[in-house]
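Have a look at the structure below, then the notes.
No lab work stands behind these numbers, since they all come straight from the coordinates. No experiment lies behind these values; they were computed from the predicted model shown. Cβ: placed from backbone, ideal geometry, glycine included. Neighbour counts: every protein chain shown.
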Amino acid sequence: MNVTGTIDAILNQKSSEVWSVSPDATVYEAISMMADKNVGALLVVESGQLVGILSERDYTRKVMLRGKRSRETQVREIMSSQLTTVPPKESVDDCLRFMTEKRVRHLPVVAEGEIRGVISIGDLVKHVISVQSATLDHLERYISGGYGT
């Protein structure tokens, strides 16, 4: 199935707020922010530059399971620094494919060095459902003769 649209269209439907944390913050501070903002990942930004991403998965695998203390561990110690970013004009199809193949749940969106937002797998699934619903509605109207001649 080909899902039309670009990441830019999805970003335009979301809040423009991008939640980030410093690499020097404690993991506890970051996890508290995630809970407060109801997000599953934070961008890690230092001096205005994207240097990593911290997800709930990073926390569970690199702090909790290794017996570290979240109040003593800095974000830089557990963040994912091997980042893949996408431009706003990237297709939804390509992002879905990439996220599925690489098993990532969040993609930073960057244009000309500026952070534009974060796309989650949930954002993409919501978009796909919306496109499918619109297609079904269009087909139902067509079949029932809802279009003028």
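Residues of segment 91-109 with the amide nitrogen closer than 13 Å to a label point 7 Å from the Cα of His138, along Cα-to-Cβ, please. Answer for segment 91-109: none. Fully extending the segment from Lys68 to Tyr28, taken as 0.36 nm per residue of separation minus the present Cα-Cα distance, adds 13.3 nm.
At q = 0.09, 0.10, 0.11, 0.17 Å⁻¹, what is the log10 ratio I(q)/I(0) for the chain, with the Debye formula run over Cα points and no solvent? Treating every Cα as an identical point scatterer, log10 I(q)/I(0) equals -0.35, -0.42, -0.49, -0.96. The gain in end-to-end length when the Ile129 to Thr60 segment is fully stretched comes to 21.9 nm, 0.36 nm per residue minus the alpha carbon separation.
Over all pairs of different C-alpha atoms in segment 7-58, the reciprocal of the mean inverse distance, the Kirkwood hydrodynamic radius, equals 11.8 Å.
Amide H to amide H distances under 5 Å link Val110 with Val86, Arg116, where only residues 5 or more positions off or on other chains count and H is placed in the peptide plane. Within the listed set Gly48, Gly122, Gly67, the Gaussian network model of the chain (springs between alpha-carbon atoms below 10 Å) gives the highest mean-square fluctuation for Gly67.
Springs between alpha-carbon atoms under 10 Å, Gaussian network over the chain: tell me which of Thr73, Thr85, Thr60 tops the mean-square fluctuations. The residue that fluctuates most here is Thr60. Adding -39500 (n - 2.57) for every DSSP H run of four residues or longer, then dividing by how many residues the chain holds, sets the calculated 222 nm ellipticity at -12000 deg cm²/dmol. The count of lysine pairs in the chain whose Cα atoms are under 28 Å apart, excluding pairs fewer than 8 places apart on the same chain, comes to 14. Counting only DSSP beta bridges whose two residues both lie in the chain, roughly 85 percent are antiparallel.
When the chain is treated as a Gaussian network with alpha carbon springs shorter than 10 Å, the biggest mean-square fluctuation among Lys68, Lys126, Lys102 belongs to Lys102.
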